[in-house]
Amino acid sequence: MNKNIKTKTIQIETKLNGVLIKGELEFSSKDYGVRLIEPFKDSHSSHLQYAVPAKYVYKKSENPDCHEIKLYEKSKEILESMYLKKIKEEIKL
């Protein structure tokens, strides 16, 4: 992410099949990145073009001024997806 843009970082956790998955969500209005920290390491990021009248938010605001893309549940789903991908890679080895 561009270091001159104000970002917010939030620690996230979720459980899948009894395994605690830890990660981190870093986002600004047009970019976000999810890092899987435990039990494996991986990352995923996405970007919105500035011409798109939308922005990334952690939770939806009461009076949005444009379309808001909520990252609260999405970041947990991405963590789970990265974890499952790593598990499949480990099984193939």
I'm checking my understanding of the structure. Among residues of segment 68-93 that are among the hydrophobic types (A, V, I, L, M, F, W, C) and surrounded by 12 or more Cβ atoms within 10 Å (Cβ to Cβ), which one is nearest to LEU20 (Cα to Cα)? LEU79
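Filter segment 51-67 for residues that are touching a Cys at 6+ places or on another chain (Cβ under 7 Å) and surrounded by 11 or more Cβ atoms within 10 Å (Cβ to Cβ); which is farthest from MET82 (Cα to Cα)? Spell out how you get there, then give the answer.
We begin by selecting, within segment 51-67, every residue touching a Cys at 6+ places or on another chain (Cβ under 7 Å); these are 53-55.
Those still in the list that are surrounded by 11 or more Cβ atoms within 10 Å (Cβ to Cβ) too: 54-55.
On the way: ALA54: 25, LYS55: 23 Å.
Only one residue tops the list, namely ALA54.
Among the residues of segment 35-43, is there at least one that is among the hydrophobic types (A, V, I, L, M, F, W, C), in contact (Cβ under 8 Å) with a residue 24 or more places away in the chain, outside any strand (DSSP E or B) and within 26 Å of ASN4 (Cα to Cα)? Break it down into steps so the answer makes sense when it comes.
First, pick out the residues of segment 35-43 that are among the hydrophobic types (A, V, I, L, M, F, W, C): 36-37, 40.
Add one more test, that the residue is in contact (Cβ under 8 Å) with a residue 24 or more places away in the chain, and what stays is 36, 40.
Restricting the remaining residues to those that are outside any strand (DSSP E or B) gives 40.
The next check asks that each one be within 26 Å of ASN4 (Cα to Cα); those that pass are none.
Scanning segment 35-43 turns up no residue that is among the hydrophobic types (A, V, I, L, M, F, W, C), in contact (Cβ under 8 Å) with a residue 24 or more places away in the chain, outside any strand (DSSP E or B) and within 26 Å of ASN4 (Cα to Cα).
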Quick one: LYS30 ticks every box in (1) surrounded by fewer than 12 Cβ atoms within 10 Å (Cβ to Cβ); (2) in contact with a His (Cβ under 9 Å, 6 or more places away or on another chain); (3) not aliphatic (A, V, I, L, M) except a single one, so which number is it? (1)
In segment 1-31, how many residues are more than 22 Å from LEU48 (Cα to Cα), of a type in the set (Lys, Arg) and touching a residue at least 12 places away in the same chain (Cβ under 8 Å)? 1
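Of all residues in segment 57-93 being β-branched (Val, Ile, Thr) and over 16 Å from ILE10 (Cβ atoms), which is farthest from the chain's Cα centre (by Cα)?
Taking segment 57-93 and keeping what is β-branched (Val, Ile, Thr), we get 57, 69, 78, 87, 91.
With over 16 Å from ILE10 (Cβ atoms) added as a condition, the list becomes 87, 91.
Details: ILE87: 19, ILE91: 25 Å.
Among residues in segment 57-93 that are β-branched (Val, Ile, Thr) and over 16 Å from ILE10 (Cβ atoms), the one farthest from the chain's Cα centre (by Cα) is ILE91.
Go through segment 8-22 residue by residue and tally those that are surrounded by fewer than 16 Cβ atoms within 10 Å (Cβ to Cβ) and hydroxyl-bearing (Ser, Thr, Tyr). Reasoning before the result, please.
At the first step, the residues of segment 8-22 found to be surrounded by fewer than 16 Cβ atoms within 10 Å (Cβ to Cβ) are 8-11, 13, 15-20, 22.
Now restrict to residues that are hydroxyl-bearing (Ser, Thr, Tyr): 9.
Within segment 8-22, residues that are surrounded by fewer than 16 Cβ atoms within 10 Å (Cβ to Cβ) and hydroxyl-bearing (Ser, Thr, Tyr) number 1.
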From the list LEU25, LEU48, exactly one residue is surrounded by 14 or more Cβ atoms within 10 Å (Cβ to Cβ), farther than 21 Å from GLU89 by Cα and more than 11 Å from the chain's Cα centre (by Cα). Which is it? LEU48
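Among LYS60, LYS74, LYS92, which is in contact with a strand residue (DSSP E or B) (Cβ under 7 Å, 6 or more places away or on another chain), of a type in the set (D, E, K, R), more than 17 Å from ILE5 (Cα to Cα) and modelled with pLDDT under 95? Break it down into steps so the answer makes sense when it comes.
Working: LYS74 fails: in contact with a strand residue (DSSP E or B) (Cβ under 7 Å, 6 or more places away or on another chain); LYS92 fails: in contact with a strand residue (DSSP E or B) (Cβ under 7 Å, 6 or more places away or on another chain).
Unique residue meeting the criteria: LYS60.
The values are calculated or read from the model by the stated rules, or taken from the named source; none is laboratory data. Fair warning: this is a prediction, and the values are worked out from it, not measured in the lab. So basically every Cβ, Gly included, is an ideal-geometry build from the backbone, and we count neighbours across all protein chains shown.
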